[in-house]
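Take a look at the structure below.
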Amino acid sequence: MTFAAPLQTLASAPTTAAPASPASFQHDVRHDWTSAEAQAIYHQPFNDLLFAAHLVHRAHFKPNAIQKSRLLSIKTGGCAEDCGYCSQSAHHASGLSASKLMEVERVIEEARKAKAAGATRYCMGAAWRSPKARDMAQITAMVAGVKALGLETCMTLGMLDDTQVVELKSAGLDYYNHNIDTSKAHYGNVITTRTFADRLETLARVREAGINVCSGGIVGLGETAADRVDMLVTLANLPEHPGSVPINMLIAIPGTPLENVAKVDPIDFVRTIATARILMPKSYVRLSAGRTGMSDETQALCFFAGANSIFAGDTLLTTDNPGEDADSALFAKLGLETMRAEEHCDQAHLRRSNAPAEDENMSSCREDVADAATA
Ligand code: SAM
Ligand code: DTB
Ligand code: SF4
């Protein structure tokens, strides 16, 4: 077999192109994708798209290792924002009751259980437009406490200001999740209380503070395929690709404006995952909300297309997730393994373009993991 074609030839004109060498994918992180190029990638014949995405995936990641994150809602419901998909918005009658910010000790106890169940990253979510200054001491104590267990920390708290990103970074926050959700064009049809530009501003603050960005979106908000692709192009053309890209399938919540929106064909969902993998080759692509409604076959196709991270456990924030038993059975059937924390550190390191074989960040990441393992 000859391996000759560059990735872009393969990704956009695969029916005629020869397969590309994995070696030629090593430094193909681009930030100048055009909408037309990405649309061509998304719409090519399904087999060609899967083949191209899988080659990119194999060039950068262990193909059968999946990173597991756990989620905890540290402050549920009563949110001032009007996101049309969300059970937690005070604008919608979802029937969810609001609760206060959780105590730090309870959060750490939950994180300890998550670690015992195999999670390597703990993601704490709050139903806020943005955190208040008075909440920050409690929030940073949660970050420090969870990190001390040897877990990577992630938070999703809404919009952040310049002071808050520095406070979170100093507390040891590894990732901040802030989704752009959909395309710039479709955004105003789903959310009116903040803008697409507001989201990008928070992402810039997080990135500039040196916190890894986790940003993705939702499929099934009544968007077109073009919107889906434009959302991915926006993410891929950020100054740095997000370290994690969660792709959620809408969980239609009764009482929200999107409760009766048309369901998305699973094949189109898989196309979205594959396109994300090709556009952002070194990012973790997370098969996020909506797995309870997916067949094993759909999830298997997502993993083949380049998804290499999931949320594990029985619940997401306010909705159900498949749970450990179902995921263990799926992993056994597919021969998948849970990625270990130190592998995860190494791969995060390799994501950085032109990173030398070993550097200070990677060593300290490994030391954090080793310290926690012996604690
Ligand atoms: N309030 C913060 C914010 O909006 O950034 C953090 C929590 S919010 C629930 C995190 C993300 O979960 C949203 O940006 C959205 O992408 C996703 N999400 C929320 N409800 C969802 C649903 N019903 N189905 C799929 N994804 C959902
Ligand atoms: C993300 O993209 N998906 C997660 C996480 N980031 C915070 C949240 C999914 C929420 C699904 C609906 C719910 O459980 O309320
Ligand atoms: Fe609030 Fe976040 Fe839900 Fe929007 S997605 S309503 S900001 S909790």
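Screening the candidates 38, 59 for the property of being aliphatic (A, V, I, L, M), surrounded by fewer than 23 Cβ atoms within 10 Å (Cβ to Cβ) and part of a helix (DSSP H, G or I) yields one hit, 59.
Among the residues of the stretch 276-285, not a single one is over 26 Å from residue 37 (Cα atoms), at pLDDT 95 or above, among the aromatic types (Phe, Trp, Tyr) and away from ligand 3 (no atom under 16 Å from the Cβ).
Restricting the search to strands (runs of 3 or more DSSP E) fully inside the stretch 211-272 and requiring at least 3 residues that are open to solvent by less than 20 Å² (accessible area, probe 1.4 Å) gives 217-219, 244-249. Of everything in the stretch 83-115 that is small (Gly, Ala, Ser) and over 24 Å from the mean Cα position of the chain (by Cα), the residue that is nearest to ligand 3 (Cβ to nearest atom) is 90.
The values are calculated or read from the model by the stated rules, or taken from the named source; none is laboratory data. Computed from a prediction, not measured in an experiment: that's the story for all the values here. Cβ sites come from the backbone with ideal geometry, for glycine too, and all protein chains shown count toward neighbours. Just the protein is used for accessible areas: all its heavy atoms, side chains included, with ligands, DNA and RNA removed. Shrake-Rupley method; radii C 1.70, N 1.55, O 1.52, S 1.80 Å.
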